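Every number in this text was worked out from the coordinates using simple rules, so none of it is lab data. In this text the structure is predicted, and so the values were computed from the model without any measurement. Glycine also receives a Cβ, built like all others from the backbone with ideal geometry; neighbour counts cover every protein chain displayed.
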Amino acid sequence: MYSMNRINEYVYSTINRAKTWFNSLTLMQKIGVVCGLIIHTTISLLIIINYQKIIETIVNASGGIRESGTTGVFVFVLLLSLVSFPPLIGFSSLCLIIGIVYGFQGFWIVAITSSIMSTVSLCVFKYQLKGLSRKIIESNENIKLFASVIKDEDTTFMQEIFILILMKLCPLPYSLTNGGLGCVPHLSPIAFFIACTVCSPKYLIQILMGVQLRKIGDDDKNNYKKSIDLAVFIITGLSFATLSMLLYRRLKVKLYQRQQRNELNIDELVDNDNATLSVSVSPPPYSP
């Protein structure tokens with residue numbers, strides 16, 4: 001019962017925030033948002049209705065891509081490199097397609113490329129585009145919360161890696177995370193690279209989903225086996241999303257509590273310093 005109340009409160013608060021945000025937009029922005037939602041809904045419905053044909057088309061094309069050898073690998077490496085830089089999107093979709101084309105062997109393409117290019121993206125925004133990095137982090141409260149913890153000068157190198165690992169496991173925007181962290185002054189690119197490498201096994205989930213999609217598009221299978229593969233695909237996706245959200249929600253609460261404690265400690269320190277200062281500068285008592 002308690003959990004249901006929490007869910008209801010979260011849903012209502014999300015709806016209220018969405019209403020407040022929408023009402024703050026100009027007329028043209030509201031029209032743009034509505035048109036975008038209509039287009040997104042239409043495309044989603046078309047994909048749901050024609051998913052079998054879409055999957056079969058991708059599976060049929062995957063054979064030719066595999067046979068192209070290093071050319072196909074180079075194309076995917078290039079695409080993964082591009083989506084590592086904000087504001088580009090499509091990393092998860094590319095992982096699915098790589099899973100369809102190369103199966104579990106495609107994991108190494110994703111793991112190596114994402115770890116290297118995420119670090120390259122971080123360095124570009126850290127040393128060349130710090131102004132854009134600040135804009136990214138200011139526009140995303142979730143990334144900003146993680147960055148506020150990493151900004152702490154008392155955070156050690158190992159603690160930094162641990163926080164980054166937890167951050168990479170959460171469902172945060174891939175490219176925005178790479179670029180947004182560039183404005184964190186004490187963030188080590190080496191720590192970021194280690195965190196990306198340690199978290200790379202999570203991409204096996206997208207690869208597995210791609211493998212299941214390839215099985216669904218196999219013409220040699222009957223509808224019963226395809227239904228099982230589709231169920232595995234859906235369950236895998238929902239399980240991964242649920243676990244990621246649970247981890248993110250719990251971690252967000254912990255980070256917020258730590259941030260509040262740090263602010264409280266700073267306020268107490270300032271008050272104590274002011275009290276000490278007032279005592280030290282107070283005049284001595286009058287003695288006749």
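Here is how the numbers come out for the structure above:
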| read-out | value |
| --- | --- |
| Distance between segment 58-91 and segment 117-187 - C-alpha centres, whole angstrom | 26 Å |
| Set 30/130; 126/202; 19/126; 19/130 screened for pairs whose C-alpha atoms are more than 29 Å apart | 30/130; 19/126; 19/130 |
| Ordering of 76-86, 33-43 by packing [mean C-beta count within 10 Å, highest first] | 76-86, 33-43 |
| Contact order relative to length of segment 38-133, as percent, for alpha carbon pairs under 8 angstrom and 6 or more apart | 26 percent |
| Taking the C-alpha atoms of segment 49-155, convex hull volume expressed per residue in Å³ | 137 Å³ |
